[in-house]
1. Return the whole-Å distance between the Cα centroid of segment 223-251 and the Cα centroid of segment 58-117.
2. Using the C-alpha gyration tensor of segment 183-245, what are the square roots of 5 times its eigenvalues, in whole angstrom, with the largest one first?
3. Using a basic spin-label model with each label point 7 Å from the Cα along Cα→Cβ, how many nm lie between residue 176 and residue 62?
4. Pick out, from 178, 33, 192, the residue whose Cα sits farthest towards the positive end of the charge dipole of the chain, with +1 on the Cβ of Lys and Arg and -1 on the Cβ of Asp and Glu.
5. Dipole of segment 15-115, Cα-centred, from +1 at each Lys and Arg C-beta and -1 at each Asp and Glu C-beta, to the nearest 20 debye?
6. Pop a pseudo-label 7 angstrom from the Cα along the beta-carbon direction at both residue 183 and residue 134 and give the gap in nm to one decimal.
7. Could you list, bin by bin from short to long, the percent of Cα-Cα pairs of segment 78-173 in 10 Å steps?
8. Amide H of residue 83 versus every other amide H placed in the peptide plane: which residues, excluding those fewer than 5 positions away on the same chain, fall under 5 Å?
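Derivation of every value follows stated rules applied to the coordinates shown; laboratory data play no part. Values in this document were obtained by computation on a predicted structure and should not be read as measured data. Quick reminder, even Gly has a Cβ in these numbers, built from the backbone with ideal geometry, and neighbours come from all protein chains shown.
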Amino acid sequence: MTVGTPVKLIVGNWKMNGLTPALEEAHALGQMIEAEPVKARVGLCPPATLIAQMAWKLRGSAVELGGQDCHDKDSGAFTGSVSAPMLADAGARLVILGHSERREGFGETDADVAAKVEAALRAGLEPIICVGESLETREAGDAVAFVTGQVRASLPDSLKDRAFAVAYEPIWAIGTGLTPTLEQIGEVHAAIRAALVERLGDGGRQAPILYGGSMKPDNAADILAVADVGGGLVGGASLKAADFIRILKAA
Ligand code: PGA
């Protein structure tokens, strides 16, 4: 790492996967990193049910934990929901917000995501705000306009002086084994950076912009070397410590 190169942020998103025995994978990851530290800043976002136990398993480790969503209210009559203070209380420091599986599957709008970002900031969590286009939008040539529109509308002003990340996750690349070309990734990341600076001024210059969507041990080094790629959001390949560590070592 040359002086001045920002540390990459690489975050595992376990989605709705993982029962108690899966804590051993997190433990194994923590041990691998302890034995041989990686340059990247490492996050793991297990299901909410595992956060507290994982925090205990990983105590003293460099691995930071996160939630995968939160409610925009801090508490109240919202049966089944998990609030940002609850995530923080369980040991989370990060929270993924606006994942396409939330936007598409649960009808979350940009405004909903912005409200959740506010909730995360109130609780002291660092939000990772996801954006990304469908295949239809990409094929229509509208990917950059769509994604930058999501960035503008999903980021509240209050992010200006706060730590956060954006994750660019083309929907058609998630869980499919398909990835955009490095040029396409570079084009969207540059456009997101410009939108962040336009939206937040200097506060938009530092935030890492992660790439997500079929990031694997074999393609991670190339993707992470693209300009303005500040890390990765990794689904399937984060479930096994042996795979995830190879991605972490590529940073
Ligand atoms: P994937 O998922 O790595 O399995 O494609 C990424 C994500 O949805 O965050």
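1. 22 Å
2. Values: eigenvalues 128, 29, 14 Å².
Working from the Cα gyration tensor, I get semi-axes of 25, 12, 8 Å.
3. It works out to 3.4 nm between the two label points.
4. Positive-end residue among those listed: 33.
5. Values: 9 positive and 14 negative charges, 50 e Å.
With only Lys, Arg, Asp and Glu charged at Cβ, the dipole is about 240 debye.
6. Modelled inter-label distance: 2.7 nm.
7. Here the calculated profile for segment 78-173 is 16, 47, 28, 8, 0.
8. Placed amide hydrogens put 71 under 5 Å from residue 83.
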